[in-house]
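K.L.:
My questions will all concern the structure given below.
The values are calculated or read from the model by the stated rules, or taken from the named source; none is laboratory data. From a predicted model like this one, the values you see are computed outputs, not experimental measurements. Using ideal geometry, Cβ is built from the backbone for each residue, glycine included, and neighbour counts are taken over all protein chains shown.
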Amino acid sequence: MENSQFLRALHIGVYIYKVDFIKQFVDWKQSNNEKKEKLEQLRALDKGKKIGAIKSLSKEHIGIDTKEDLNKARKLDLNG
């Protein structure tokens, strides 16, 4: 298959939880799916919880894994 035949998408993982949910989540054991795929959100799905998604309209996306990354992100105009 040629590359042009593949649909390309960027996944941006931004998770927002309510405090009550987090308290439940940390008490659940990792599911087999979570262990296999190394995706913690599968633990919630395997418990029957729903996960919402929205499309990002930003033209620029960056990873924020450190305080330095956060400082860089704060300087960006992500709406432009």
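K.L.:
Quick check, is Glu40 at pLDDT below 95, surrounded by 10 or more Cβ atoms within 10 Å (Cβ to Cβ) and in contact with a helix residue (DSSP H, G or I) (Cβ under 8 Å, 6 or more places away or on another chain)?
P.N.:
Taking the combined requirement at face value, the residue satisfies it.
K.L.:
Restricted to region 11-26, and to residues that are farther than 21 Å from His61 by Cβ and either of a type in the set (Asp, Glu) or out of contact with any Phe, Trp or Tyr (no Cβ under 8 Å at 6 or more places or on another chain) (or both), which residue is surrounded by the fewest Cβ atoms within 10 Å (Cβ to Cβ)?
P.N.:
Here the residue is Val19.
K.L.:
Tell me yes or no: at least one residue of region 37-54 is small (Gly, Ala, Ser), touching a Lys or Arg at 6+ places or on another chain (Cβ under 7 Å), free of Cβ contacts under 8 Å to residues at least 60 places away in the same chain and assigned to a loop (DSSP other than H, G, I, E, B).
P.N.:
Taking every residue of region 37-54 in turn, none turns out to be small (Gly, Ala, Ser), touching a Lys or Arg at 6+ places or on another chain (Cβ under 7 Å), free of Cβ contacts under 8 Å to residues at least 60 places away in the same chain and assigned to a loop (DSSP other than H, G, I, E, B).
K.L.:
Regarding Glu68, is this residue modelled with pLDDT under 85 and either among the acidic types (Asp, Glu) or in contact with a strand residue (DSSP E or B) (Cβ under 6 Å, 6 or more places away or on another chain) (or both)?
P.N.:
Criteria not met by Glu68.
K.L.:
Out of curiosity, is Glu34 more than 12 Å from the chain's Cα centre (by Cα) and modelled with pLDDT under 80?
P.N.:
no
K.L.:
Has region 15-26 got any residue that is part of a helix (DSSP H, G or I), modelled with pLDDT under 85 and of a type outside the set (Lys, Arg)?
P.N.:
no
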